[in-house]
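A single structure is presented below for examination.
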Number of protein chains: 2
Amino acid sequence: MTEHVAGNGLLNRRGLLKATGAGLAGGVLMPVMAPVSAAEDWMTTSGAPMDEYGAPSKHARLKRVNIGAHPYGSGAGSSSTPLEKLNGTITPNSLHFERHHSGIPDIDPARHTLTIYGETNKKLQFSYEDLLAYPMETHTYFLECSGNSYSNVIFPEAADKTVGELNGLVSCSEWTGVPLHYLLDEAGLNSNANWIVGEGADAAGLTRSIPMKIATKNVMIALFQNGEPLRPAQGYPMRLFVPGSEGNVSVKWLQNIKVQKTAAYTKDETSKYSDLHVDGKADMFSLEMGVKSLITSPSGKMKLNRKGVYEVSGLAWSGAGGINQVEVSADGGNSWATAALQSEHRNLSLMRFRIPWRWEGQPAVLQSRATDDKGNVQPTRAAALAKYSKSNIYHYNGTQSWQVTQAGVVKNVYA
Amino acid sequence: MTEHVAGNGLLNRRGLLKATGAGLAGGVLMPVMAPVSAAEDWMTTSGAPMDEYGAPSKHARLKRVNIGAHPYGSGAGSSSTPLEKLNGTITPNSLHFERHHSGIPDIDPARHTLTIYGETNKKLQFSYEDLLAYPMETHTYFLECSGNSYSNVIFPEAADKTVGELNGLVSCSEWTGVPLHYLLDEAGLNSNANWIVGEGADAAGLTRSIPMKIATKNVMIALFQNGEPLRPAQGYPMRLFVPGSEGNVSVKWLQNIKVQKTAAYTKDETSKYSDLHVDGKADMFSLEMGVKSLITSPSGKMKLNRKGVYEVSGLAWSGAGGINQVEVSADGGNSWATAALQSEHRNLSLMRFRIPWRWEGQPAVLQSRATDDKGNVQPTRAAALAKYSKSNIYHYNGTQSWQVTQAGVVKNVYA
């Protein structure tokens, strides 16, 4: 027998799956008696030949969403991962979110170098080939734009959008590269080497300051993403990767690391990427991304076409470390049940959560709430908004609520 | 000070990296004093705009290798992952190896069903949409073709090929899908339900038998690969995924699972994918892939362009479980050092190993040897070959040896 673990249809996964005899039948889906499929075209004709570099099915209709062009210049803007089309935790490279400040440069690695200089004993310059011979590490990390989920901050009423359109400036990859501390050790840090300043080789020359404590912890010069060399849109041939920090500091097309006594206070960390409070003061260098979660299915603009059991599934992450718990509510936060955590990556990575839910046509509001391994709990929308000035769009990590109507239509709501 | 851990230049990674003062300088690479790069085109002109579905850099030249067309029919054959171009453990979907028996079908998921019948209480049929509502799991698994590395079996002299051309019928992905035992429980197994027989919806109608003990352990109906829906070349809209077993039983374009008392003995498991021994007898249903490892860098057709320290890096895996240890030799097996294991995925996944190696122009033969967590040790080439008849090309897991000449040229050798 299945067991209810919270209001409005949330079920115990273990109970559901261990049920003997009846199995999942009945509530879960309506299996029909049917003959073996008649032969379709694809069984009577030989299929397509192999190609050098594969592509998805035309039936899957996978593409980045919210592709924007910023009024300030060609190629500036962002594009978002269609989280509603994906499952698991890895984001395919072709669907990783993007944020560019002056388009995507096409860099020839043979003409690109990384220079480390400033408050160091030596000035060092590395070619791409040099770095490929260095000791590397491989880790799976999320990356989130500081401005992710801004629609739910700036619009007075909840916009009818998909989860990717609303929250798709977050993605997750297996990153491989050279730990930065090896290179800093080799350059030799002076006693007042308190910050590094990373500069990109794009036309925006994007430049960000990072405290040395973070720079020497787990930052890498990333060379590979999900196995293959970085894509141009992700910084080919090399980028900084700063795990758990706002995406903007993981400087793409990295060409210079200047070691300094103080931060640089560049345009990219003063006019943008600082967080205004109600009292007029602003946080600067507030790099760590907060604990956050999203239900990706069912989610905005989906429709439930039949009554029965659905898997409620989503993603959780925290810039402070790993995810310890994700709770799900089907009644707008009145009662909560603990979801199953299904990812193998536990630190600074996306975590997939899952819980079964029986929908019999009743109205519902689906929400999730993550807790990280430092004890941080994802705030409600109201609490997250109250933290900053109304004009601030950065570091929003409030609850995402999905309303399910009696017709099965799923919509973004503020709850 | 760096510490030698085996003959011919193998170094202690910890010692190398913890060296104070000098850092990695000197031996590792030759850093040069240089000014900050002069502005290249990509810094003076805005870059390309965003697109819906991204692509790699034209400079990276990523493509599958050994793209073959089988004489028996259009679209039959295999293509291999270019392991020498990759790092980390995940294989991007566009570069996953392929093996097709009658090309790649273009299946409309709305017209595709999965039927479970035979020795069951009920005959069940599932649409793609039905399965998307089921409880899913996410795991990172390797997949290896039973015929991987056949060049090193059939050629009397070692072919001068890349590691991908020689051994690239192995890849690794994060797979998400519905555990098969949920569906079998729902159908209800009769007392003589000893085998499942999976049939694909391709024109070859590829059909394989799997013992129930394996089918109910960790087999899934895979729907997503590295986050996105399966590619057509990998079985869209659904495939069986049988972790640790030869790739051929992970039947793509899965349309039928017939539950039987005995195996089906189809053409796909009798004329092929059975393993002939010297005495004329053959193994059938020898599904588990053996413990194996490969050095991917330096590897075949590469050239070492300077003396100094290189990272020797490669992949290890076992169909029996996880990898416990990988040893590396630089002197053709006379002495061995333990490599660092760098992957987060420990069970039935590719494992990345790494060890620093100082090359001062001396001739060398690089080898790796994996041990899995069941105590299985990868055999030498001679031992692996002695196990089967000379005409058998399946389940070869002997040592891969790379010769490094004094000129720095890296070549496949039999050692």
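Hey, with R₀ at 22 Å, roughly what FRET efficiency would A:Lys374 and A:Thr338 work out to, going by the Cβ-Cβ distance, to 0.05?
That pair, A:Lys374 with A:Thr338, gives E of 0.75.
Shifting gears a bit: Along the charge dipole of the stretch B:292-413, Cβ charges K/R +1 and D/E -1, which of B:Ala370, B:Val413, B:Ser313 sits furthest on the positive end?
In the stretch B:292-413, that residue is B:Val413.
Let me ask another. Rounded to the nearest angstrom and ordered from largest down, what semi-axes does the equivalent ellipsoid of the stretch A:237-309 get from its C-alpha gyration tensor (root of 5λ)?
The equivalent ellipsoid of the stretch A:237-309 has semi-axes of 37, 19, 10 Å.
What is the order of B:Asp130, A:Asp108, fewest Cβ neighbours within 10 Å to most?
Listing B:Asp130, A:Asp108 from fewest to most nearby Cβ atoms yields A:Asp108, B:Asp130.
Let me ask you something else. What is the set of long-range amide H partners of B:Asn324 at a cut-off below 5 Å, with H atoms built 1.01 Å from backbone N?
B:Thr371, B:Asp372, B:Asp373
OK, next. Which whole-Hz ³J(HN,Hα) couplings does the stretch A:209-219 yield from phi under the Karplus relation 6.51 cos²θ - 1.76 cosθ + 1.60, θ = phi - 60°, glycine and proline marked x?
9, 9, x, 4, 4, 6, 4, 9, 8, 9, 6
So what J values fall out for the stretch B:352-369 if you push phi through Karplus, 6.51 cos²θ - 1.76 cosθ + 1.60 with θ = phi - 60°, rounded to Hz, Gly and Pro as x?
So the Karplus estimates, Gly and Pro as x, are 8, 10, 8, 7, x, 9, 8, 10, 10, x, 7, x, 8, 10, 8, 9, 10, 9 Hz.
Follow-up. At 10 °C and 1.306 mPa s, grab the translational diffusion coefficient of the stretch B:98-278 from Stokes-Einstein with a Kirkwood Rh over Cα pairs, rounded to a whole number in µm² per second.
This corresponds to a translational diffusion coefficient of 93 µm²/s.
Is the stretch A:170-242 rounded, prolate or oblate when judged by the Cα gyration tensor, a ≥ b ≥ c being the square roots of its eigenvalues, rounded requiring a/c under 1.5 and prolate requiring a/b larger than b/c?
prolate
Taking the Cα centre of the protein assembly as shown as the origin, how large is its charge dipole in debye, to the nearest 20, when only Lys and Arg (+1) and Asp and Glu (-1) carry charge on their Cβ atoms?
440 debye
Using a simple charge model, +1 on the beta-carbon of Lys and Arg, -1 on the beta-carbon of Asp and Glu, nothing else, what dipole does the stretch B:121-230 show about its Cα centre, in debye to the nearest 20?
Its charge dipole is roughly 460 debye.
Please report, in whole Å³, the volume per residue of the convex hull around the C-alpha atoms of the protein assembly as shown.
Given the Cα convex hull of the protein assembly as shown, per-residue volume reads 155 Å³.
Something else about it: What ³J(HN,Hα) values, in whole Hz, does the Karplus curve 6.51 cos²θ - 1.76 cosθ + 1.60 give for the stretch A:268-278 when θ = phi - 60°, with x put for Gly and Pro?
Along the stretch A:268-278, the couplings run 6, 10, 10, 6, 9, 6, 10, 10, 7, 9, 4 Hz.
May I pose another question? Over chain B, what per residue volume does the convex hull of the Cα atoms give, in whole Å³?
173 Å³
Under a point spin-label approximation (7 Å from Cα along Cα-to-Cβ), what is the A:Ser274-A:Ile154 distance to one decimal in nm?
2.0 nm
Also: Can you tell me the alpha carbon radius of gyration of the stretch B:292-413 divided by the globular rule-of-thumb value 2.2 N^0.38 Å?
1.07
Among A:292-305, A:310-323, A:329-342, B:51-64, what's the highest-first ranking by average C-beta atoms within 10 angstrom per residue?
Going from most to least packed, we get A:310-323, A:292-305, A:329-342, B:51-64.
Report, in debye and to the nearest 20, how large the dipole of chain B comes out about its Cα centre when Lys and Arg carry +1 and Asp and Glu carry -1 on their Cβ.
So the dipole magnitude of chain B works out to roughly 900 debye.
OK, next. Treating the point 7 Å from Cα along Cα-beta-carbon as the label, what are the nm separations from B:Thr270 to the other copies, to one decimal?
Sorted ascending, the copy-to-copy spacings read 8.0 nm.
What percent antiparallel are the DSSP beta bridges of the stretch A:98-283, to the nearest 5?
Approximately 90 percent, going by the DSSP bridge assignments.
Every number here is computed from the coordinates shown, using simple stated rules; none is lab data. Just so it is clear, the model here is predicted, and its values are computed rather than measured. We place every Cβ from the backbone using ideal geometry, glycine too, and count neighbours over all the protein chains shown.
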